[in-house]
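The values are calculated or read from the model by the stated rules, or taken from the named source; none is laboratory data. Note that the structure is predicted; figures quoted are calculated from it, not measured. Here Cβ is always computed from backbone atoms with ideal geometry, including for glycine, and neighbour counts include all displayed protein chains. Side chains included, ligands, DNA and RNA excluded: accessible areas come from the protein's heavy atoms. Shrake-Rupley method; radii C 1.70, N 1.55, O 1.52, S 1.80 Å.
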Amino acid sequence: MGILDSLSDVLKNYSGGQTQNTENATEHFDQVAQGAPPSVIAEGLAAAFRSDETPSFGNMVGDLFGQSSGEQKAGILNQLLASVGPGVLAQLAGGATPTRLPESARQQITPDQAQAVSPEVVQQLATHAEKSDPSIVDKASAFYAQHSTLVKTLGGAALTIALAKVAERQRAA
């Protein structure tokens, strides 16, 4: 019996594409995130990021960024910049960031530097990154799968879509 099998009672609520009931999604997501492998959670998050039933990828990443710690902000910024290059962040920030940003892709943004970047700039950066490198959705999903408490701030609709994807995977296994 796999770990997802032990969560089957929770996941049956999200089987068959039933994504209407979002009332218990936060609690259910918490249960699944504690028991499922991060790769499974990442698949669910990618489905939510790509869904027409949720805000755009850029909006959701911007919202998550606004709720993140300095370390989490630096982590997602470095993921996004690996897809588009550091020059894009400087262009989007328009010189509005007081902390000197890395000038090459080899340098990583620190948590202190990340704190100086606004969620709005990150939203624009994520939107740009998704257009130039669609695989960034999967990379961001893998990153956020490691931060399930933060992901719960996305709300019931996104969590329901993520759980439906996990339920689909469990049925296929």
Check: Looking only at the range 148-164, which residues are within 18 Å of Ser51 (Cβ to Cβ), of a type outside the set (Val, Ile, Thr) and either open to solvent by 70 Å² or more (accessible area, probe 1.4 Å) or assigned to a helix (DSSP H, G or I) (or both)?
Finding: Lys152, Leu154, Gly156, Ala157, Ala158, Leu159, Ala162, Leu163, Ala164
Next item on the list: Report, by residue number, each residue of the range 131-158 that is of a type outside the set (Ser, Thr, Tyr) and more than 11 Å from the chain's Cα centre (by Cα).
Entry: Lys131, Asp133, Pro134, Gly155, Gly156, Ala157
Next item on the list: From the list Ala145, Ala140, Ala167, pick out the single residue that is crowded, with 20+ Cβ neighbours inside 10 Å, under 16 Å from Gln34 (Cα atoms), at pLDDT 95 or above and of a type in the set (A, V, I, L, M).
Entry: Ala145
